[in-house]
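Visitor: Dropping the structure in here first, questions after.
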Amino acid sequence: MRYFTTINGKEYLAQLELQSGTARWLLNGKPVSAEMESIDEDYYLLKIDGHIYKLFLKKDTGEYEVYVDGDKFTFSLEDEKERFMKEWIKDDNQAKTIRKIQAPMPGLIIELPVNEGQEIKKGDTLAIIEAMKMENEIKAAADGTIKDVLVKEKESVDKNAVLLTIE
């Protein structure tokens, strides 16, 4: 699993690899030895490559504040799915922009509750894709009108296939 984190404005890629039942962390492609132990609800001990750090972790509106041995750092964290959705579903701040809604992964369209010409609101379900026996809901990122529906229910789709367009 890959995680994208931005710490004080600088982006890092953290990867968790499972090999023979052992977890291994990579930070920007370099292996690191990391362990974290919870001391209290917001307090942790973090051991990275033999160094021990005391952490106080606080989540505030989608970002985290962490105090490491008294120094404050602000960071955000998103996994691959969150990153993909953020990149592919565009914001509705641009009037009359045509947005393509694409499949975030290969799968089977099990529900398509929208029709061409239908008005939609932010948060409305646009499609449900089944992938690896899990249902993944694709929701509208903004208000708009369905311009084209390019797939049908029970149709298999590839990753990045355009499912519909919104105006």
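All of the numbers you see were taken from the coordinates with simple rules; none came from a lab. Quick caveat: nothing in here was measured; it's all calculated off a predicted structure. Cβ sites come from the backbone with ideal geometry, for glycine too, and all protein chains shown count toward neighbours.
Visitor: Between (1) 9.9; (2) 32.0; (3) 12.5, which matches mean projected area of the Cα convex hull in nm² calculated for the structure shown?
Guide: After the calculation, the listed value that fits is (3).
Visitor: Related question: What's the magnitude of the charge dipole for the range 89-166 around its Cα centre, counting Lys and Arg as +1 and Asp and Glu as -1 at the beta-carbon? Answer in Debye, nearest 20.
Guide: In debye, rounded to 20, the range 89-166 gives about 240.
Visitor: Next question, about the same structure. Could you tell me which residue out of 128, 156, 50 lies farthest along the dipole of the chain toward its positive end? Charges go on the beta carbon: Lys and Arg +1, Asp and Glu -1, centred on the Cα centre.
Guide: Looking along the dipole axis, the top candidate is 156.
Visitor: Residues of the range 127-159 with backbone nitrogen within less than 17 Å of a virtual label 7 Å along the Cα-to-Cβ line of residue 110, please, listed as ranges.
Guide: 127-139, 152-158
Visitor: Quick one: if you stick a label point 7 Å off each Cα along the C-beta vector at residue 6 and residue 154, how many nm between them?
Guide: Label at residue 6, label at residue 154, 4.4 nm between them.
Visitor: Still on this structure, I have one more. With a cut-off of 8 Å between alpha carbons and a minimum separation of six or more residues, what is the relative contact order of the chain in percent?
Guide: Relative contact order of the chain: 16 percent.
Visitor: List the residues, sorted by chain then number, that are 5 or more residues from residue 105 or on another chain and whose placed amide H is less than 5 Å from its amide H.
Guide: Result for residue 105 returns 160.
Visitor: I would also like to ask the following. Full-extension gain between residue 73 and residue 30, please, as 0.36 nm times their residue separation minus the C-alpha to C-alpha distance.
Guide: Full-extension gain reported as 13.3 nm.
Visitor: What order do you get for 162, 66 when you list them from fewest to most C-beta neighbours inside 10 Å?
Guide: Result, fewest neighbours first: 162, 66.
Visitor: Just to be sure I understand the model, the point goes 7 Å from the Cα along the line to the Cβ. What's the resulting residue 118 to residue 56 distance in nm?
Guide: Once both label points are built, they end up 5.0 nm from each other.
Visitor: Could you compute the FRET efficiency for residue 47 and residue 80, with r as their C-beta to C-beta distance and R0 at 25 Å, rounded to 0.05?
Guide: 0.45
Visitor: Find out how many positive minus negative residues lie around residue 116, taking Lys and Arg as positive, Asp and Glu as negative, among other residues whose Cβ is under 11 Å from that of residue 116.
Guide: -1
Visitor: Next question. With charges only on Cβ, +1 for K and R and -1 for D and E, what is the dipole size of the chain about its Cα centre, in debye, rounded to 20?
Guide: About 460 debye.
Visitor: So which of 72/122; 72/100; 121/159; 30/54; 30/159; 30/139 end up more than 31 Å apart, counting from Cα to Cα?
Guide: Check vs 31 Å cut-off fails for 72/122; 72/100; 30/139.
Visitor: Can you give the calculated 222 nm mean residue ellipticity of the chain, where each DSSP H run of n ≥ 4 adds -39,500 (n - 2.57) and the sum is split over every residue, rounded to the nearest 500 deg cm²/dmol?
Guide: Counting only the DSSP helices, I get -1500 deg cm²/dmol.
Visitor: Limiting things to C-alpha atoms, what are the Rg and the maximum Cα-Cα separation (Dmax) for the range 89-166, in angstroms?
Guide: Expressed in Å, the Cα Rg and Dmax of the range 89-166 come to 11.7, 37.
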